[in-house]
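The structure appears below as structure tokens.
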């Protein structure tokens, strides 16, 4: 296939335009294949007018690129790239493997993923492939090679995206015949002998012992609860399949270009390990839809109503901080909600101002890129009710106007250098998998617990980093693990070297990596007796500093020779502080969690201030950002004394942002 050199004279240097930690760029997701060619030039010009500098294209275009095997139609895509480049726009080119075309499914039906019931997932939407299908992997490599060979030397292409939203629509796990063979091979590679697998899984229980790896099946459709270690290994295997699939594309792209490579992950999605994905790419981007997730997730009805038009004040921030840890601090937003979406149970419009606020919040957290999905609302097919920066009749929408306003603010700010947070929250994907397999109580929800800790730390006015259990602890005064069932062997040693205080929540240290109960506690001076889960509405009274608080959902019964800071009514320790670690033996209600964390961070010399429910602060190196997620104005005078405002004022309107120079 000849290399396309039609644009070699363009004045865009891909190396010079690698994502950098400078002023955040605004982008949009564009689908030239959806619109007549005569619209493209005007679209590009208007993108530039509202401050867009980057455009993502191609992730769903396989059927237009290759309408039949080997019959490549490049002219339309060449022209679209030329028009965008002529306008001065930089392009993120995608591999189109998230939407394999019908002709490919017809000739390679074994590419399809299977449901737990053993039924193939049919063509007709998207993500209809199995990560374990060697047939489809070969096709993925082939189309990736074709697209990269065509455009790698094109200077308008300044970054690449692999596929689109791995795992969306519950597609990480596949129960296909190909997946079963791959799983059996994965197990053999991990354990080497069937005897080692039997020991690790404890298969002597219920007479589940195996004599060969090819006897092992999926855990779907067992009579009752399947072996938890078996389920955990299937989740690990499924995650590894995503990582290896992605790496095949990354390796092809890297062979042709030094441009940045990204993948767009999702919010509240934990079916594969995003830290491992981040090891193979240059910049982790994610798709931020604060209102869609507000309507779907665990929040109460009162919370959903309160933040119906803004999203929870910590939802986007939590994911900004999580995905910043996935590729060495480099991250961005590939899809930012521009208005009402189409996929949640209810889809309200954002409060005026929120679309701009979300972009500025991403900048405050260190994003290099914030791209709106999508440029124009589609008048057809599955996403026709999803807003764009322009509506389907080509009129500027509210989201487009706010993108322009956000650009104007960003233009004033210039370079934003990252702030070194002093507090980190440890979030672990394997912990999530373990607790989902055996929650041991209907109220237990790992993400929710982590989110409650994160929200409390943010309301204390702190900037937070989210890290893996294996992350470098240097520069952190405190690392908080809301719950960490498997504690890395070297965690305490690393914390001692970095002089980082470790804080653990309930169920920490409760499992080995083989999903068994450890023979001894990893916590010096702490003995675990038993645990219990509590039904909804049940609470336990706790005495701390002569104040009474409550615990809910979960309790660990422990004995300790260490310093008890709080106790339950029956005298068992509820909160323990030692020189090397703190341990919280229950799921605390908000008032108690606030008191504990405030006490801990104050002892470490960190300043705190308790923020109103709707207000959040975030620091860059020399600036402070304030975000009002509420429906009413708020007064900043208590949090910003005698400051020089760069944007906004002491009276912060609803859905608005204020920015001032940091005097600290």
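The values are calculated or read from the model by the stated rules, or taken from the named source; none is laboratory data. Remember, it's a predicted structure, so these values are computed and weren't measured experimentally. A quick note on method: Cβ atoms are made from the backbone with ideal geometry, for glycine too, and the neighbour counts reach across all protein chains shown.
For the range 424-436, state whether one or more residues are without any contact (Cβ under 8 Å) to a residue 12 or more places away in the chain and farther than 25 Å from residue 23 by Cα. Among the residues of the range 424-436, at least one is without any contact (Cβ under 8 Å) to a residue 12 or more places away in the chain and farther than 25 Å from residue 23 by Cα, which makes the answer yes.
Checking each residue in the range 633-664 for being surrounded by fewer than 20 Cβ atoms within 10 Å (Cβ to Cβ), in contact (Cβ under 8 Å) with a residue 60 or more places away in the chain and part of a strand (DSSP E or B) picks out 646, 647. Applying the criterion of at least 1 residues that are modelled with pLDDT of 95 or more and surrounded by fewer than 20 Cβ atoms within 10 Å (Cβ to Cβ) to the helices (runs of 4 or more DSSP H) found wholly in the range 226-332 leaves 228-254, 274-280, 301-306. Just one of the listed residues (578, 500, 560) is modelled with pLDDT of 95 or more and on the phi < 0 side of the Ramachandran plot, and it is 500.
Would you say residue 472 is over 28 Å from residue 496 (Cβ atoms) and either without any contact (Cβ under 8 Å) to a residue 40 or more places away in the chain or assigned to a strand (DSSP E or B) (or both)? In short, no.
Which one of 506, 518, 522 is assigned to a loop (DSSP other than H, G, I, E, B) and touching a residue at least 40 places away in the same chain (Cβ under 8 Å)? Just one listed residue meets the conditions, 506. Screening the range 41-78 for residues that are in a strand (DSSP E or B) and within 26 Å of the chain's Cα centre (by Cα) and picking the one that is farthest from residue 154 (Cα to Cα) gives 52.
Rundown of residues vs (1) more than 30 Å from residue 27 (Cα to Cα); (2) in contact with a helix residue (DSSP H, G or I) (Cβ under 6 Å, 6 or more places away or on another chain); (3) in a strand (DSSP E or B); (4) assigned by TED's automatic domain parsing to the domain that holds residue 514, yes/no style:
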site: 140; (1), (2), (3), (4): no, no, no, no
site: 147; (1), (2), (3), (4): no, no, no, no
site: 174; (1), (2), (3), (4): yes, no, no, no
site: 197; (1), (2), (3), (4): yes, yes, no, no
site: 220; (1), (2), (3), (4): yes, no, no, no
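From the list 449, 484, 462, the lone residue that is at negative phi and part of a helix (DSSP H, G or I) is 449. Give me the residue from the range 565-589 that is surrounded by fewer than 16 Cβ atoms within 10 Å (Cβ to Cβ) and in contact with a strand residue (DSSP E or B) (Cβ under 8 Å, 6 or more places away or on another chain) and, out of that set, farthest from residue 603 (Cα to Cα). Among those residues, the one meeting the criterion is 569.
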